[in-house]
Amino acid sequence: MSFWCEVYVDRINHNINKVKELVGDKKIIGVIKANAYGLGRDNIANHIKDKVDILAVGELKDAENIIDKDVLLLSPLSQKEVFLNPKENLILTLDNEEALDYINKEKEYRVHIYVDTGMNRMGIKPQRLDSFIEKIEGNFKNIKIEGIYTHLHKCHDVEQTLVQIKLFRKFTEKYKEKVEYLHCLASSGILNSKLREAAKFTTAVRAGNIMYGYIGLADGFKKSYDYYAKVDATYKVKAGETIGYGALYKAKSDMTIGIIPVGNIHGLGVAREIRKSFFYDVFRAAVRSFKERPIIFNNGRAVEVIGKPNMNVTIINFNGSNVEDKFKLEMSPIISDGLIECKYINGEK
Ligand SMILES: *Cc1c(COP(=O)(O)O)cnc(C)c1O
């Protein structure tokens with residue numbers, strides 16, 4: 001194995017405890033969508049299932065292996081097959097009024113209702129919530145409403161987000177006794193004291209990023225993963241020769257280069273810019289900035305990347321390194337969906 005991810009399970013525990021400190025007795029929804037943000041869905045699910053109240057996934061297939069824990073499907077109900085055979089531990093998100101047309105009256109459904117407070121991606125309009133709930137209660141005794149939620153899409157704009165929370169509160173607080181889960185805060189909201197204060201009336205939070213320590217490091221959350229690789233090969237280059245695509249690099253003296261089997265496809269060179277939520281912006285920002293920022297380390301020493309990371313390999317300056325060395329890679333796990341082997345490490349590192 002020359003490329004792997006080490007996942008520090010105790011740090012995930014630590015992060016969950018930190019969330020609990022911040023939000024008090026609210027329920028915690030542990031988000032494991034997108035292969036648990038790249039860290040291995042089933043392993044992470046097993047690990048956190050006793051530490052959170054329910055899990056949340058992005059797609060139906062992500063819930064398949066989860067049998068002994070309730071799991072909320074966050075995505076819109078475009079996949080009609082979810083209505084055919086709802087598993088007992090599956091909680092659907094009712095995100096539009098038409099979804100009721102697919103309900104099979106012979107089956108039992110557990111749902112959270114998603115209210116659109118401004119993200120405009122999906123959802124029931126707040127003004128329609130009461131009549132929607134009335135309709136369900138009147139006509140669908142087989143649907144159990146267990147939660148109501150919304151998503152805050154622009155948390156760095158606190159003023160705007162406070163308006164959003166207020167809107168959510170206005171239309172949902174009255175259901176607090178009726179539904180167990182009333183939730184709007186995700187990671188960035190959990191981190192912001194004003195937003196936490198405004199969301200006091202809610203009874204649950206959804207934690208993704210923050211649980212894995214992708215964000216919140218300044219607030220005591222811990223990064224729960226590191227990527228490592230060893231070189232697959234080394235290669236000698238003479239002074240004056242150029243190396244790699246575009247001949248962008250010219251050896252100043254005789255040198256040895258190393259080939260690391262990690263590249264763009266694994267997410268190397270793709271940093272995570274916390275405040276941006278769209279991957280593509282992130283990618284562009286990263287491509288611009290990673291030239292200046294070291295992304296590969298050997299025992300704490302920054303290693304020179306030669307040219308840019310390629311699609312599946314990266315060339316490094318191997319002077320001063322050894323074939324047995326373990327190179328640490330600064331990279332985002334977000335897009336590394338299932339490609340990378342993860343080792344789960346218990347105990348403090
Ligand atoms: C992904 C997602 C989350 C988790 O967000 P984080 O910022 O990673 O905590 C919460 N809610 C919804 C609806 C999501 O899609």
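The values are calculated or read from the model by the stated rules, or taken from the named source; none is laboratory data. Just so it is clear, the model here is predicted, and its values are computed rather than measured. Glycine gets a Cβ as well: all are built from the backbone with ideal geometry, and neighbour counts include every protein chain shown. Side chains included, ligands, DNA and RNA excluded: accessible areas come from the protein's heavy atoms. Shrake-Rupley method; radii C 1.70, N 1.55, O 1.52, S 1.80 Å.
Each Cα pair under 8 Å and six or more residues apart adds its sequence gap; the mean of these over the residue count of the chain is a relative contact order of 21 percent. In the context of the full set of protein chains, the chain has a per residue accessible area of 48 Å² (1.4 Å probe).
Put a plus charge on the Cβ of each Lys and Arg, a minus charge on the Cβ of each Asp and Glu, and nothing anywhere else: the dipole of segment 113-170 about its Cα centre is then about 80 debye. Checking the a/c ratio against 1.5 first, then a/b against b/c, what shape does the Cα gyration tensor give for segment 79-135? Here segment 79-135 falls in the prolate category. The antiparallel fraction among DSSP beta bridges confined to the chain stands at about 45%. Placing Val57, Val323 in order of accessible area, with the largest value first and a 1.4 Å probe, yields Val323, Val57.
The loop-placed trypsin sites (Lys or Arg not before Pro) in segment 126-230, going by DSSP, that have at most 13 neighbouring Cβ atoms within 10 Å of their Cβ come out as Lys141, Lys178, Lys200. Considering only Tyr181, Tyr245, Tyr228, the mean-square fluctuation computed in a Gaussian network model of the chain, springs between alpha carbons under 10 angstrom, is largest for Tyr245.
Under 5 Å from the amide H of Ile148 lie the amide H atoms of Ile113, Tyr181, Leu182, His183, each residue being 5 or more positions distant or on a separate chain, with H modelled from the backbone and absent for Pro and chain starts. Using all C-alpha to C-alpha distances in the chain, build P(r) with 10 Å bins and read off the rounded percent in each one. Result, from short to long distances: 5, 23, 28, 21, 13, 7, 3, 1, 0 percent.
Here is the size of segment 81-220 from its Cα atoms: Rg then Dmax, 15.8, 51 Å. Three principal axis extents of segment 117-158 based on alpha-carbon atoms, in descending order, are 40, 19, 15 Å. Only helices enter the 222 nm calculation for the chain: every DSSP H run of n ≥ 4 contributes -39,500 (n - 2.57), and dividing by all residues gives -6500 deg cm²/dmol, rounded to 500. For the chain, with all protein chains in place and a probe radius of 1.4 Å, 48% of the accessible heavy-atom surface sits on carbon or sulfur.
Size descriptors for segment 68-112: radius of gyration and Dmax over Cα atoms are 9.8, 30 Å.
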